[in-house]
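I have placed the structure first, in the form of structure tokens, so that the comments after it can refer back to it.
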Amino acid sequence: IFAFSVRQPSVLFVKMIKWFLAALVLSLTESGKTPRPQLPSYIKVCHRSDPNLNDCVRESVERIRPYLSQGIPELEIPGCEPLILPEIVMNQGKGSIMVQSKYKDMQIFGPSQFKLRSVKVDTEKNKVKIKLYLPRLEMIGNYSIQGRIMMLPIAGHGISTGNYTDIEATAVMQGEKYEKDGETYLNIKEFHTDFSIGHASVHLTNLFEGDKQLGDSMNEFLNDNWKSLAEEIKPILEKTISDLFKKFSNKIYQKYPL
């Protein structure tokens with residue numbers, strides 16, 4: 001639960017979705033007057049005029065899949081399995097969750113197993129909609145936490161483990177074209193995301209200075225109420241994810257003309 005509730009909560013999702021988002025962005029660009037930066041040979045570039053563009057983009061994304069473990073240095077995409085996050089920080093001070101926490105040396109297992117549900121590209125409206133499914137994510141790392149959750153105090157430091165299953169995610173990009181040096185580029189004006197988690201479980205060791213009874217009670221409370229806790233942080237999480245996806249997409253589009 002808490003691994004998603006961070007000051008930059010989208011770090012995990014951004015690194016996962018960078019893999020197929022990079023393929024998506026690159027597949028919608030074509031060679032123009034401006035020389036392209038060198039791309040890996042396995043990146044399939046699609047033509048925007050292709051009547052089967054959606055299928056082409058899907059194939060481009062799938063071609064990247066075998067390279068996820070080692071990453072793609074040319075696109076500044078890190079490897080995974082496990083995906084390592086050195087530090088995540090949470091400062092949540094509104095609603096029923098008021099906590100400060102840190103997670104260090106987090107290992108994330110399962111991100112490369114994402115399944116691309118669908119890709120819909122509207123070249124006339126410069127709009128793209130993608131849907132993803134992640135069967136399972138497992139996380140483990142060190143944590144420290146202090147604050148209140150639903151009026152209950154929580155404090156501790158130790159090992160945090162989490163399991164998240166049946167994750168559905170949708171992203172919608174809306175862009176506009178602009179001219180630069182005789183070439184046409186795309187600027188992403190809006191990027192919206194939505195996600196849902198089928199089930200989540202978490203376990204924090206050494207809560208309340210090692211008090212087993214209090215620690216067990218808090219872990220049980222967190223797992224019994226994970227849905228309401230997730231809904232509490234969902235709006236700010238989705239906004240942060242959207243903002244970072246928008247920034248990442250534009251970073252690539254600025255390099256490659258349409």
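The values are calculated or read from the model by the stated rules, or taken from the named source; none is laboratory data. Only a predicted model underlies this, so the values are computations on that prediction, with no experimental measurement involved. Every residue, glycine among them, receives a Cβ derived from its backbone with ideal geometry; neighbour counts consider all protein chains shown.
Taken over the stretch 215-234, the criterion of being more than 23 Å from the chain's Cα centre (by Cα) and aromatic (Phe, Trp, Tyr) is satisfied by PHE221 alone. Determine whether ARG117 is touching a strand residue (DSSP E or B) at 6+ places or on another chain (Cβ under 8 Å), closer than 18 Å to SER196 by Cβ, of a type outside the set (Val, Ile, Thr) and assigned to a strand (DSSP E or B). Considered against the rule, which asks whether it is touching a strand residue (DSSP E or B) at 6+ places or on another chain (Cβ under 8 Å), closer than 18 Å to SER196 by Cβ, of a type outside the set (Val, Ile, Thr) and assigned to a strand (DSSP E or B), ARG117 comes out as yes.
Taking the stretch 168-227 as the range and being under 21 Å from GLU124 (Cα atoms) and of a type in the set (Lys, Arg) as the test, the residues that pass are LYS177, LYS180, LYS189. Pairs meeting the criteria (first residue in the stretch 196-214 and touching a residue at least 24 places away in the same chain (Cβ under 8 Å), second residue of a type in the set (Val, Ile, Thr), beta carbons under 6 Å, at least 6 apart or on different chains) are ILE197/ILE167; GLY198/THR165; HIS199/THR165; ALA200/ILE1; VAL202/ILE1; HIS203/THR161; THR205/ILE159.
Condition first: modelled with pLDDT under 75 and touching a helix residue (DSSP H, G or I) at 6+ places or on another chain (Cβ under 6 Å). Can you find one or more residues in the stretch 105-121 that meet it? Within the stretch 105-121, none of the residues are modelled with pLDDT under 75 and touching a helix residue (DSSP H, G or I) at 6+ places or on another chain (Cβ under 6 Å). The residue list MET106, MET90, MET139, MET98 contains one member that is of a type in the set (A, V, I, L, M), within 18 Å of GLY198 (Cα to Cα) and assigned to a strand (DSSP E or B), which is MET139.
Got at least one residue in the stretch 174-186 being in contact with a Lys or Arg (Cβ under 9 Å, 6 or more places away or on another chain), exposed (fewer than 14 other Cβ atoms within 10 Å of the Cβ) and closer than 26 Å to ASP243 by Cβ? For the stretch 174-186, residues in contact with a Lys or Arg (Cβ under 9 Å, 6 or more places away or on another chain), exposed (fewer than 14 other Cβ atoms within 10 Å of the Cβ) and closer than 26 Å to ASP243 by Cβ: present.
A single member of LYS102, LYS127 is surrounded by 13 or more Cβ atoms within 10 Å (Cβ to Cβ), closer than 26 Å to MET151 by Cα and in contact (Cβ under 8 Å) with a residue 12 or more places away in the chain, and it is LYS102.
In the stretch 214-246, what residues are surrounded by fewer than 16 Cβ atoms within 10 Å (Cβ to Cβ), of a type outside the set (S, T, N, Q), at pLDDT 75 or above and in contact with a Ser or Thr (Cβ under 9 Å, 6 or more places away or on another chain)? Answer for the stretch 214-246, where residues must be surrounded by fewer than 16 Cβ atoms within 10 Å (Cβ to Cβ), of a type outside the set (S, T, N, Q), at pLDDT 75 or above and in contact with a Ser or Thr (Cβ under 9 Å, 6 or more places away or on another chain): just ASP243.
Candidates in the stretch 74-87 are the residues that are at pLDDT 70 or above and part of a strand (DSSP E or B); of these, the one that is nearest to PRO111 (Cα to Cα) is LEU83.
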